1. Quick one: what are the phi-derived ³J(HN,Hα) couplings along the stretch 233-244, Karplus 6.51/-1.76/1.60 with θ = phi - 60°, whole Hz, x for glycine and proline?
2. Compute the convex hull volume of the Cα atoms of the stretch 106-261, divide it by the residue count, and report the result per residue in Å³ as a whole number.
3. With a Cα-only, solvent-free Debye model of the stretch 146-201, what are the log10 I(q)/I(0) values at q = 0.19, 0.25, 0.27 Å⁻¹?
4. Using only alpha-carbon positions, what ratio does the radius of gyration of the chain give when scaled by 2.2 N^0.38 Å?
5. Assuming a ≥ b ≥ c are the square roots of the Cα gyration tensor eigenvalues, decide whether the stretch 273-354 counts as rounded (a/c under 1.5), prolate (otherwise, with a/b larger than b/c) or oblate.
6. Which longest run of the chain has no exposed loop site in it, a site being chymotrypsin sites (Phe, Trp or Tyr not before Pro) in a DSSP loop with at most 14 other beta carbons within 10 Å, and the site itself not part of the run?
7. Could you give the accessible area per residue of the stretch 328-397, probe 1.4 Å, as a whole number in Å²?
8. If I histogram all Cα-Cα distances within the stretch 180-247 using bins 5 Å wide from 0, what percent of pairs lands in each bin?
Amino acid sequence: MKVAVIGAGYVGLTTSACFAHLGHDVVCADLDVERVARLNKGEVPILEDGLPELVAEGLASRRLRFVLGATNAVLDAGVVFLCVQTPESADGSADLSFVEDVAREIAGVLQPGTVVVTKSTVPVGSTRFVQRVLSESGARAEDVTVASNPEFLREGQAVHDFLHPDRIVIGCDDPGAAVRVSDLYRKVQSPVLVTDPASAEMIKYASNAFLATKVSFINAIANLCEAVDADVREVALGMGYDPRIGFQFLQPGPGYGGSCFPKDVAALLHTANQADSDFELLAGVIQVNRAQRERIVEKITNGAGGSLSEAVVAVWGLTFKAGTDDLRESSALAITRRLLEQGAAVRGYDPAAGERAAREVPGLDIAADPYEAAAGADVVAVLTEWDQFRWLDFDRVRDSLRNPAIVDARNLLDPAAMRRYGFRYDGVGRR
Ligand code: UDX
């Protein structure tokens with residue numbers, strides 16, 4: 001089947017490369033001239049496991065092409081996926097202007113029978129909004145159907161998640177169109193849930209908000225564990241054996257970040273407020289997340305001896321989680337900014353995004369490796385769970401610090417081992 005994908009960000013690019021891998025003819029459009037040119041040469045601009053290989057495979061088989069502008073992509077497509085960004089507006093709602101622009105642009109050139117699918121995370125009601133924009137802009141309602149097919153891709157594992165999904169959700173009032181979309185996934189083993197568009201859109205928000213709630217919940221439990229001398233690792237393990245709870249998303253840390261959770265939780269709260277539907281729980285999730293960042297700043301302040309002015313802090317890890325080069329809404333970066341505001345000198349190291357972080361945060365120095373970051377510092381803060389931080393020469397780290405203190409905001413290291421090395425160790429929720 002001929003597929004058009006609008007937007008070559010991490011969702012659009014993964015969708016394009018994976019559909020080509022599954023045997024479809026895919027044209028992926030973006031507005032960035034340089035991005036399109038580089039992609040046609042096989043240069044993938046994001047860090048995503050397995051993606052460069054699939055893009056190379058798609059280009060070689062000619063099942064994958066990149067073009068400039070949505071119109072050029074949709075001309076003979078049977079299914080069009082909208083994968084453009086939906087940034088957070090000032091009031092917390094999702095900004096749909098990019099989706100609207102594309103719908104207006106393509107309305108006049110769609111083939112009869114085309115299914116237009118929203119894959120970006122769009123607020124409840126957006127599928128109908130896209131249908132309306134398309135009709136207003138010249139597409140005949142009887143010719144073009146709109147569906148929602150939300151993605152559940154984790155950054156860093158997006159290719160794996162696309163090809164091995166837990167479920168495929170298709171929201172569409174027209175069963176024939178839903179079948180055309182589900183046909184694209186024929187080679188993928190997964191339950192397919194066909195539902196109405198609003199429920200499909202809600203599934204995406206409810207899933208992300210639930211996971212964010214789990215993270216805030218375990219962060220709150222971790223803080224309580226510190227107060228009552230319990231160990232959150234033991235607590236999470238004991239909770240996780242209950243299959244109704246499960247082991248995943250019970251890692252305390254510096255608070256959730258990334259391109260999805262903060263934006264989606266804010267957007268869902270905004271939707272609830274608009275609908276006059278009480279959702280204080282979500283406001284609490286956001287509040288706990290904000291407070292968690294501050295709590296880590298306090299731990300670092302204590303590690304540095306009680307004050308950040310004049311202190312030198314080594315920060316290990318700047319991305320919002322390990323395995324990605326994404327700095328969007330990164331708690332590590334937010335904490336770094338707070339440290340600088342409070343007068344600390346901060347030397348950071350990140351294996352994937354150090355230079356970009358330095359450009360985003362004025363005053364942040366970037367070191368070539370974790371040892372250089374630690375040299376002469378008063379405290380080391382582990383803010384992203386990159387595996388390499390587990391396997392360092394900690395004798396060398398201790399000897400190079402002015403004051404051997406570690407704040408492990410990801411509970412990555414073994415507290416007993418760190419104390420044996422001679423560090424003052426502070427994790428999150430650990431005895
Ligand atoms: C998330 C969803 O998992 C994915 O289904 C959705 O489509 C997009 O948003 P992603 O943003 O890539 O994916 O990150 P994820 O791995 O889910 O982690 C989100 C944030 O929560 C990160 O900042 C991570 O560090 C934090 N987290 C996650 C924790 O602090 N503790 C945990 O136990 C799990």
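The values are calculated or read from the model by the stated rules, or taken from the named source; none is laboratory data. Remember, predicted model here, so these are calculated numbers, not experimental data. Backbone-built Cβ (ideal geometry, glycine too); neighbour counts: all protein chains shown. For the accessible areas, the whole protein counts, side chains as well, though only heavy atoms, and no ligand, DNA or RNA atoms are used. Shrake-Rupley method; radii C 1.70, N 1.55, O 1.52, S 1.80 Å.
1. Along the stretch 233-244, the couplings run 5, 5, 5, 5, 5, x, 6, x, 5, 6, x, 6 Hz.
2. Working: hull volume 20.6 nm³, N = 156.
It is 132 Å³ per residue.
3. -0.63, -0.98, -1.08
4. Numbers: Rg = 23.4 Å, N = 431, 2.2 N^0.38 = 22.1 Å.
Output field value: 1.06.
5. Details: a/c = 3.17, a/b = 1.57, b/c = 2.02.
Here the stretch 273-354 falls in the oblate category.
6. Working: sites that count: Tyr241, Phe247.
Result, exposed sites excluded: 1-240.
7. Working: 3000 Å² over 70 residues.
Ligands and nucleic acids excluded, the figure is 43 Å² per residue.
8. 4, 13, 14, 16, 14, 11, 10, 8, 6, 3, 1, 0
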